[in-house]
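Below: one structure, written as structure tokens.
Where a number appears in this text, it was derived from the coordinates with a stated rule and is not lab data. Every value quoted in this text rests on a predicted model; they were computed, and no experiment measured them. Ideal geometry is used to build each Cβ from the backbone, glycine not excepted, and the neighbour counts take in all protein chains shown.
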Amino acid sequence: MKQRRVWWLLALLFAAAAVFALSRIAGGEPEAGRTIREVEESLSARYGKVISALEKTGEAGREVYVGTVENETGTYQVVADAETGRVIRITPLAKKQTPPDKTVQPVDESKETPPAPPANNELAKSGISLDRAKQIALQQVAGTFDSIEVEHKNGATVYEVEIKTAENREVKVSIDPLTGQVLSIMWED
């Protein structure tokens, strides 16, 4: 008799868990998403000082946060997904003039420059160019330019520059496309 009650209790708990899971899948309770403060802190850490309060609005059928960020390269409007916090679009508002870098190594022009990202990608209009990312990478690692790609890593967009060293080792240099900051250098064997 006691064993029968345990089985009924387990069956009831299982049924309740199944109903709860199905209601979540069917859209019963929406996810909370990111708070304005969380997104603001993320943007500040990655891109610079947030100079306008983020505003939650709708765009293309989803909620987004829109605000303005300023750093040493200029002022940008940033649009981030309200649920994930991922930056959707960066639009330059005003670029700051930067003095030319006197330590730039010569760029191997014999290699073809890769095509620019698609026209609908606002990244190509903001931050640093692909050529500048290439120069920054060659300043960090001595070698020959191999390729450059626009990649998404951990919810952020990066330029990934591949360089071949004199020892025939491949090196991947990840660069922040907005600030030009070197994010990582990975040596392949």
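For Ser129 and Lys164, what is the calculated FRET efficiency with R₀ set at 25 Å and r taken between the beta-carbons, to the nearest 0.05?
The value I calculate is 0.70.
Given Lys96/Lys172; Lys49/Lys153; Lys95/Lys172; Lys56/Lys172; Lys49/Lys96, which pairs have Cα atoms separated by over 25 Å?
Where the Cα-Cα span goes over 25 Å, the pairs concerned are Lys96/Lys172; Lys95/Lys172; Lys56/Lys172.
For Ala15 and Glu83, what does the FRET efficiency come to when R0 = 25 Å and r is the distance between their Cβ atoms, rounded to the nearest 0.05?
0.25
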